[in-house]
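The values are calculated or read from the model by the stated rules, or taken from the named source; none is laboratory data. Keep in mind that what you see is a predicted model, and the values were worked out from it rather than measured. Backbone-built Cβ (ideal geometry, glycine too); neighbour counts: all protein chains shown. Just the protein is used for accessible areas: all its heavy atoms, side chains included, with ligands, DNA and RNA removed. Shrake-Rupley method; radii C 1.70, N 1.55, O 1.52, S 1.80 Å.
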Amino acid sequence: MPQLLDGNRIRDEIKSELAPRIRAMAASKRAPGLAVVLAGHNPASEIYVRNKVKTCHDLGIYSETLTPPDSISTAELLALVQHLNARADIDGILVQLPLPPQVDTKRVLLAVAPEKDVDGFHPCNVGNLVAGLPGPRACTPAGIIELLKRYSLPIAGRRAVVVGRSDIVGKPAALLLLHQHATVTICHSKTPDLPAVCREADILVAAMGRPALLTADYIRPGATVIDVGTNRVTDRVQAEAIFRGAPEKLEAFDRKGSVLVGDVHPLDVLARAGAYTPVPGGVGPLTIAMLMVNTVEAAERHLC
Ligand code: GUN
């Protein structure tokens, strides 16, 4: 059996390290403050935001959720972000993505003050990442590095293959791995012979958003497999195809009507990997933990 990389355990470790920093700030000045902008009604985003706000509450971080309607315009959202930029009690601003289709997402992300950008999405902070300068890093990629380090899994000199080239995960994950001296390949839907490229990986990061796409022939025996995907499968035929060898999983599907599946095949990874992140309970909890780290660091800079 491969080593299970427990994101919940690492999240709890990170939270317990943050707690005294937050208490010290609250005692001497004020608690850190995070504003979360959740535009419209995207069910997945609503769950993510609920978990972010709950974690703030657990840690004693002040949080405020702004919920403009689906119909919000780019200009209205820009005005809202500018108001948050100007507020002295708000250290971090998170605009939950995706935004409604009529909104110019790039303009909105550009409007967030770089020093309040706890997602690391502002082009200034993307530039800081590329240049290796200090600044907030995108939370999911930062969580992946944190997980590898805390499990003492070596990165330097290893071959890392990142499947997926999103601005939120794929690109920043590749850069962070590069800064840790991995030899990095970024793959995407147009990469020829994807299985062969993935089989080169000592560290395989799956971030394409396609349920169970990476099967055994994509995984080098003994590889460390980091699965960023969280795909809700609601089609029983698809669930059956994935969980043919795991009747208990199908029973769970039948009870709930859906199952959460990563981008890596959940049974194949057990047969091939040396270490792996489960879905759920792997990378997901770390995204929130790193958001808390970015918020506390923004507050420490803001308040000092
Ligand atoms: N949507 C999916 N992941 C993220 C994230 O890390 N930050 C924000 N703001 N939106 C997201």
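Within region 229-239, can one find any residue that is more than 16 Å from the ligand (Cβ to nearest atom) and either at pLDDT below 95 or part of a loop (DSSP other than H, G, I, E, B) (or both)? Walk me through how you get there before you give the answer.
Going residue by residue through region 229-239, those that are more than 16 Å from the ligand (Cβ to nearest atom) are 233-239.
Now narrow it down to the ones that are either at pLDDT below 95 or part of a loop (DSSP other than H, G, I, E, B) (or both): 234-235.
There is at least one residue in region 229-239 that is more than 16 Å from the ligand (Cβ to nearest atom) and either at pLDDT below 95 or part of a loop (DSSP other than H, G, I, E, B) (or both).
Quick one: is Asp117 among the acidic types (Asp, Glu), within 16 Å of the ligand (Cβ to nearest atom), more than 17 Å from Ala173 (Cα to Cα) and surrounded by fewer than 20 Cβ atoms within 10 Å (Cβ to Cβ)? Full working, then the answer.
Values: among the acidic types (Asp, Glu): yes; within 16 Å of the ligand (Cβ to nearest atom): yes; more than 17 Å from Ala173 (Cα to Cα): yes; surrounded by fewer than 20 Cβ atoms within 10 Å (Cβ to Cβ): no.
No.
Which one of Ala142, Ala138, Ala131 is out of contact with any Gly (no Cβ under 7 Å at 6 or more places or on another chain) and open to solvent by less than 30 Å² (accessible area, probe 1.4 Å)? Walk me through how you get there before you give the answer.
Working: Ala138 fails: out of contact with any Gly (no Cβ under 7 Å at 6 or more places or on another chain); Ala131 fails: open to solvent by less than 30 Å² (accessible area, probe 1.4 Å).
Exactly one residue qualifies, and that residue is Ala142.
Can you name the number of the only condition in (1) crowded, with 20+ Cβ neighbours inside 10 Å; (2) over 20 Å from the mean Cα position of the chain (by Cα) that Arg107 fails?
(1)
Please enumerate the residues belonging to region 201-221 that are closer than 20 Å to Ala138 by Cβ and crowded, with 20+ Cβ neighbours inside 10 Å. Talk me through it step by step, then tell me what you get.
Residues of region 201-221 closer than 20 Å to Ala138 by Cβ: 203-209.
Across region 201-221, the qualifying residues are Ile203, Leu204, Val205, Ala206, Ala207, Met208.
For region 189-208, how many residues meet the condition of being farther than 22 Å from Leu147 by Cα, touching a helix residue (DSSP H, G or I) at 6+ places or on another chain (Cβ under 8 Å) and part of a loop (DSSP other than H, G, I, E, B)?
Step one: list which residues in region 189-208 are farther than 22 Å from Leu147 by Cα, which gives 189-197.
The next check asks that each one be touching a helix residue (DSSP H, G or I) at 6+ places or on another chain (Cβ under 8 Å); those that pass are 191, 194-195.
Narrowing further to those that are part of a loop (DSSP other than H, G, I, E, B): 191.
Number satisfying all stated conditions: 1.
Specify the residue that is surrounded by the fewest Cβ atoms within 10 Å (Cβ to Cβ); the eligible residues are those in region 145-175 that are touching a His at 6+ places or on another chain (Cβ under 9 Å) and over 20 Å from Ala273 (Cα atoms). Step through it out loud before you land on a result.
To start, the set of residues in region 145-175 that are touching a His at 6+ places or on another chain (Cβ under 9 Å) comprises 145, 155-158, 163-165, 170.
Keeping just the survivors that are over 20 Å from Ala273 (Cα atoms) gives 165, 170.
Numbers: Arg165: 18, Gly170: 23.
Only one residue tops the list, namely Arg165.
Quick check on my filter: what residues within region 120-170 are in contact (Cβ under 8 Å) with a residue 40 or more places away in the chain, assigned to a loop (DSSP other than H, G, I, E, B), within 15 Å of the ligand (Cβ to nearest atom) and among the aliphatic types (A, V, I, L, M)?
Just the residues of region 120-170 that are in contact (Cβ under 8 Å) with a residue 40 or more places away in the chain, to begin with: 120-121, 126, 129-130, 132, 136-137, 139-140, 142-144, 146-148, 150-151, 153, 155, 158-164, 166-169.
Pick out the ones that are also assigned to a loop (DSSP other than H, G, I, E, B) and you get 120-121, 132, 136-137, 151, 153, 155, 158, 164, 166-169.
Then keep just the ones that are within 15 Å of the ligand (Cβ to nearest atom); that gives 120-121, 136-137, 164, 166-169.
Result: Ile168, Val169.
Taking the condition of being over 28 Å from Thr287 (Cα atoms) and surrounded by 12 or more Cβ atoms within 10 Å (Cβ to Cβ), how many residues in region 251-260 meet it? Steps first, please.
Going through region 251-260, the residues over 28 Å from Thr287 (Cα atoms) turn out to be 251, 254-255.
Still in the list and also surrounded by 12 or more Cβ atoms within 10 Å (Cβ to Cβ): none.
Final tally of qualifying residues: 0.
Within region 15-24, track down each residue that is touching a Gly at 6+ places or on another chain (Cβ under 9 Å) and in contact (Cβ under 8 Å) with a residue 40 or more places away in the chain.
To start, the set of residues in region 15-24 that are touching a Gly at 6+ places or on another chain (Cβ under 9 Å) comprises 19, 22-23.
Scanning region 15-24 gives Ala19, Ile22.
Return yes when Leu194 is open to solvent by less than 30 Å² (accessible area, probe 1.4 Å), under 20 Å from Leu213 (Cα atoms) and more than 16 Å from the ligand (Cβ to nearest atom) and no when it is not. Explain how you work it out, then say what you get.
Numbers: open to solvent by less than 30 Å² (accessible area, probe 1.4 Å): yes; under 20 Å from Leu213 (Cα atoms): yes; more than 16 Å from the ligand (Cβ to nearest atom): yes.
For Leu194, the condition - open to solvent by less than 30 Å² (accessible area, probe 1.4 Å), under 20 Å from Leu213 (Cα atoms) and more than 16 Å from the ligand (Cβ to nearest atom) - is met.
So which of Thr230, Thr224 is open to solvent by 30 Å² or more (accessible area, probe 1.4 Å) and either out of contact with any helix residue (DSSP H, G or I) (no Cβ under 6 Å at 6 or more places or on another chain) or closer than 27 Å to Ile168 by Cα (or both)?
Values: Thr224 fails: open to solvent by 30 Å² or more (accessible area, probe 1.4 Å).
Every option except Thr230 fails the conditions.
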